[in-house]
Amino acid sequence: MNPDIVKERQNATFNVEKLTNILDGSPEKTRRRREIESMVLNDPDFQEQDPNFLSRSERYDQAVRKSAQMILKLREFGISDPDEIYYYKNCVHPDRPEPLDLHLGMFLPTLLNQATPEQMDRFFTPAWNLQIIGTYAQTEMGHGWWRCSQRASCSATTPTVLPALTSEDWRPQATFDPATQEFVLNSPTISSIKWWPGGLGKTSNHAIVLAQLHTQGNCHGLHAFIVPIRDMDTHVPLPGIVVGDIGPKFGFSEVDNGFLKLENVRIPLDNMLMKYAKVEPDGTYVKPPSAKLTYGTMVFIRSMIVGQSALALAKSCTIAIRYSAVRHQSELKPGEPEPQILNFQTQQHKLFPVLATAYAFTFVGQYMKQTYNRISGDIHEGDYSGLPELHALSAGLKAFTTWAANGAIEVCRMSCGGHGYSRSSALPDIYVEFTPTCTYEGENTVMMLQTARYLLKSYSQARGGQQLQGSVSYLSRLQPQPVSAGVPPLNIQDLASLVQVYQLRAANLVELAATSIQQELQLRHSQEDAWNSSAIDLVRASDAGLLSVPQALQVSAHIKELLIQLRPNAVALVDAFDLNDKKLNSVLGRYDGNVYEHLFEWARHSPLNASEVPPALTIIVIIKHNQLIGSFFPRSTSLSTST
Ligand SMILES: CCCCCCCC/C=C\CCCCCCCCCCC/C=C/C(=O)SCCNC(=O)CCNC(=O)[C@H](O)C(C)(C)COP(=O)(O)OP(=O)(O)OC[C@H]1O[C@@H](n2cnc3c(N)ncnc32)[C@H](O)[C@@H]1OP(=O)(O)O
Ligand SMILES: Cc1cc2nc3c(=O)[nH]c(=O)nc-3n(C[C@H](O)[C@H](O)[C@H](O)COP(=O)(O)OP(=O)(O)OC[C@H]3O[C@@H](n4cnc5c(N)ncnc54)[C@H](O)[C@@H]3O)c2cc1C
């Protein structure tokens with residue numbers, strides 16, 4: 001054990017285990033989590049080669065092998081609780097998305113939420129047993145999101161064929177053929193090819209495909225269809241299915257994100273997910289109680305991503321803070337030993353806010369999950385009243401927490417200096433695997449605009465005298481104040497006072513956006529144009545804060561005090577996240593703090609070190625021998641064979 005890190009733990013002023021229990025929810029939950037982790041981390045079937053030294057194809061193969069083992073073991077140990085599956089999976093594939101994520105995270109949940117009992121028997125049971133492997137295909141090459149309701153080409157009352165449609169109007173279509181009781185699916189343009197779905201490229205044999213439903217000559221917008229894409233015995237693509245991998249990406253190396261072109265693919269009537277919307281055998285369309293129920297799985301994953309932001313931050317600051325406790329640099333005072341870099345105020349100012357945010361997001365993630373479970377329970381009972389708030393909250397928190405975490409991971413990486421740039425630190429991997437959360441499941445700006453839409457509606461209800469409930473109740477209680485009204489009193493030591501100032505600021509920003517829309521409406525006479533011209537106000541928190549200059553200075557001084565208070569407990573606070581070394585997989589973030597010897601050991605495994613003179617370098621040796629430096633290069637090939 002590194003002596004610095006031992007001293008850090010001795011100096012801590014609280015019981016780390018108790019805090020871990022609070023983070024987990026209870027001592028029993030901590031015990032069970034550790035039990036699940038040790039099942040995986042001590043299981044030789046999950047031994048792996050360091051993916052940093054593998055090619056993409058090797059990484060994919062290794063991940064598929066581990067995922068298949070995972071499914072067998074989940075079955076063997078009878079683990080079926082979604083939280084427990086999630087823990088298990090995160091230990092099998094720490095920090096790395098894997099080929100079955102879409103099957104577990106979106107295919108199964110979409111069936112649970114949108115399939116009829118008959119469809120559950122036909123699809124969920126085999127999918128649970130991994131005979132069916134599924135993915136979720138919404139995004140297309142040309143469009144990441146849908147707005148059918150306002151388009152001439154697709155409304156409940158408009159005929160399908162309209163003149164003067166551009167190619168962008170053509171999206172994947174599912175047209176009902178009553179003669180055969182089948183839907184015919186087509187991707188009519190290049191831009192309508194499904195693009196990005198995880199596990200689609202090579203792994204899946206089924207896809208939930210989101211396509212425009214056409215029946216009896218009318219288009220009814222986006223609906224979900226279960227489409228078999230590969231033969232269940234041979235895994236070869238079925239007729240009419242053009243499918244493959246989209247190629248290397250920034251990260252997600254283990255995942256076969258794929259493309260899918262549908263060419264007159266026929267599926268039976270009862271392959272449309274019909275828990276809510278229905279098509280009768282004669283082609284009659286039965287509307288769902290809410291068209292937005294089709295988007296339910298996205299709300300589920302958005303809610304889950306809030307907790308993932310917390311986990312990514314917890315990992316990043318554990319690595320950076322432990323490393324900062326064992327790394328020494330410079331001299332604070334001439335002649336004195338080099339201090340731990342964690343003693344530099346600037347280092348604390350980089351890392352302690354990340355640590356605080358990791359804690360805050362952990363609790364926000366738990367709140368989001370509880371809210372999701374409560375409201376989706378109501379929805380299952382037929383009460384849809386909570387859906388708008390759930391949508392607004394999950395979209396806004398997904399965007400806010402992922403943006404914040406994305407930036408903070410990079411702060412942690414840079415705070416580790418050069419070693420943060422090495423893949424051995426794990427920080428580059430955490431970043432590349434996390435950063436697409438800002439894009440997928442709804443691009444963050446688009447999600448912020450969805451939340452703003454809900455806030456503006458709530459604002460106008462509050463101005464109309466309604467008493468609002470839930471997360472927007474502050475809009476009923478607070479009267480937005482113009483900046484000229486002066487600054488509100490603030491006690492920065494008092495949480496209630498801080499919350500009040502935040503609420504007032506939020507109310508002011510909503511009012512600002514509403515005013516902008518009103519002004520733009522007078523200029524542009526179109527609601528949509530006015531909305532777009534106010535989008536910056538809608539999305540971005542204004543630079544005008546609510547604090548006076550003396551208050552801002554007070555905050556700054558208080559932050560410095562807090563840094564000093566936190567310093568003795570910094571390592572203990574990251575220890576409380578209880579991230580097992582194997583799960584963290586970071587040379588810099590090791591629990592024992594023995595960084596340098598393991599950094600050296602790790603580097604020696606680099607494939608470039610497999611031989612003292614790599615084969616490619618023999619050409620240099622040959623060139624030197626023949627004293628050909630500066631001569632015509634292509635001839636070197638024939639020279640090399642002659643030597
Ligand atoms: C035994 C149990 C077994 C279960 C197994 C579970 C086990 C789980 C365990 C382990 C899990 C394993 C790990 C999982 C890891 C998962 C990793 C996931 C990787 C993720 C990969 C990525 C996937 C994807 O990206 S999928 C594609 C996602 N795409 C999007 O998100 C597109 C975003 N676009 C949209 O949402 C929409 O197009 C839009 C909202 C932007 C616009 O839609 P539109 O209809 O045009 O809306 P608009 O006119 O603006 O608004 C109309 C009204 O509708 C309201 N509204 C919009 N959306 C929603 C919604 N989602 N819900 C409710 N209401 C909505 C909107 O506010 C408007 O309301 P208003 O009243 O009219 O104002
Ligand atoms: C790693 C990864 C995995 C994925 N997995 C899946 C999957 O399994 N299944 C699946 O279906 N999809 C998947 N996706 C696709 C993902 O859901 C989309 O990329 C995402 O929804 C964003 O859509 P887009 O790419 O079309 O971005 P665009 O919408 O084209 O965004 C580009 C820019 O335009 C801006 N913009 C767009 N619309 C508006 C607007 N209305 N107002 C203001 N600004 C706007 C955005 O803010 C952004 O800056 C995945 C993507 C990635 C990166």
statement: Residue by residue through region 413-418, the couplings from Karplus 6.51 cos²θ - 1.76 cosθ + 1.60 with θ = phi - 60°, in Hz, x for Gly and Pro, are 4, 5, 5, 8, x, x
- line: region 427-471, Kirkwood Rh and Cα Rg, ratio Rg/Rh at 1.28
- line: Between the alpha carbon centres of region 542-594 and region 307-347 the gap in Å comes to 10 Å
task: Any chance you could check the Cα centroid distance between region 240-263 and region 366-411 for me, in angstrom?
output: 29 Å
field: Distance in nm between pseudo-label sites at residue 560 and residue 344 (7 Å out along the Cβ direction from Cα)
entry: 1.8 nm
Heavy atoms of residue 18 accessible to a 1.4 Å probe, total area in Å² rounded to 10: 130 Å²
query: For region 231-320, what class follows from the C-alpha gyration tensor (a ≥ b ≥ c being the square roots of its eigenvalues): rounded when a/c is under 1.5, otherwise prolate if a/b is larger than b/c, else oblate?
result: oblate
- prompt: Hey, what did the chain get for relative contact order, percent, Cα under 8 Å, at least 6 apart?
  reply: 14 percent
Eligible lysines near residue 7 by straight Cα distance, threshold 19 Å, same-chain separation 8 or greater: none
- prompt: Separation between the residue 580 and residue 493 pseudo-spin-labels, each 7 Å from Cα along Cα→Cβ, expressed in nm?
  reply: 4.4 nm
statement: Applied in sequence order to region 35-49, the curve 6.51 cos²θ - 1.76 cosθ + 1.60 (Karplus, θ = phi - 60°) yields integer Hz couplings, x standing for Gly and Pro, of 4, 5, 4, 6, 4, 7, 5, 9, 8, x, 5, 9, 4, 9, 7
- prompt: Taking 0.36 nm per residue of separation and subtracting the Cα-Cα distance, what length does fully extending residue 605 through residue 467 add?
  reply: 43.3 nm
query: What part of the accessible area of the chain, given as a whole %, is carbon or sulfur when the probe is 1.4 angstrom?
result: 58 percent
field: Projected area, mean over directions - the chain, Cα convex hull, nm²
entry: 39.2 nm²
- request: Mind checking which lysines have their Cα closer than 18 Å to the Cα of residue 18? Skip sequence neighbours fewer than 8 apart in that chain.
  value: 29
- line: Straight-line reach check, residue 278, cutoff 16 Å on alpha carbons, 8 or more apart in-chain or any other chain, hits among lysines -> 287, 292
task: Return an integer: the convex hull volume of the alpha-carbon atoms of region 452-581, in Å³ per residue.
output: 174 Å³
- request: Largest first and to the nearest Å, give the Cα extent of region 45-143 along each principal axis.
  value: 46, 43, 22
field: Tensor-based shape of region 232-388 (alpha-carbon gyration tensor, a/c under 1.5 rounded, otherwise prolate or oblate)
entry: oblate
message: For the pair residue 330/residue 290, report the inter-label distance in nm, with labels modelled 7 Å from Cα in the Cβ direction.
response: 5.4 nm
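The values are calculated or read from the model by the stated rules, or taken from the named source; none is laboratory data. From a predicted model like this one, the values you see are computed outputs, not experimental measurements. As a convention, Cβ positions derive from the backbone with ideal geometry for all residues, glycine included, and neighbour counts pool all protein chains shown. Heavy atoms of the whole protein, side chains included, go into the accessibility calculation; ligands, DNA and RNA do not. Shrake-Rupley method; radii C 1.70, N 1.55, O 1.52, S 1.80 Å.
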